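In what follows, a structure is listed as structure tokens, so that the remarks can point back to it.
Throughout, read-outs are computed from the coordinates displayed, never taken from laboratory work. All values derive from a computational prediction rather than experimental measurement. Using ideal geometry, Cβ is built from the backbone for each residue, glycine included, and neighbour counts are taken over all protein chains shown.
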Amino acid sequence: MADDCNETLRELYGFLDGELTPENRQHLQQHIDDCSPCLAAYDFELELRMVIRRRCVEQVPESLRRKIAEALGEPAPGS
Ligand SMILES: [Zn+2]
């Protein structure tokens, strides 16, 4: 895997969280446009986030909510 891909995948989370600078966002976007493995990774993360977000606004059991929070590396709600 090229260095650019490693960098892209590392910055993917920041990109999705809106934490990158405009220059970094543009750089990442350009790479994704030209690189199908990174585009696939991007699509997967994006879809995963949409599913999680949708589940979070619906009524979900506390145990599932906790599991999602753990998967995202966030502190469990209510702790
Ligand atoms: Zn790539």
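Things worth noting here:
- With R₀ fixed at 35 Å, the C-beta to C-beta distance from C35 to L64 puts the FRET efficiency at about 0.55.
- Result for the chain in a Gaussian network model with C-alpha springs under 10 Å: among P22, P61, P37, the largest mean-square fluctuation is at P61.
- Rounded to 10°, Cα long-axis angle of helix 22-34 versus longest principal axis of the chain: 80 degrees
- Look at the Cα gyration tensor of segment 1-53: its axes a ≥ b ≥ c give a/c of at least 1.5 with a/b at or below b/c, and that counts as oblate.
- Value of [θ]222 nm, deg cm²/dmol, for the chain, DSSP H segments ≥ 4, -39500 (n - 2.57) each, nearest 500: -24500 deg cm²/dmol
- The angle between the Cα long axis of helix 62-71 and the longest principal axis of the Cα atoms of the chain comes to about 20 degrees, rounded to the nearest 10.
- Structural descriptor for the chain: relative contact order 20 percent, calculated from alpha carbon pairs under 8 angstrom and at least 6 residues apart.
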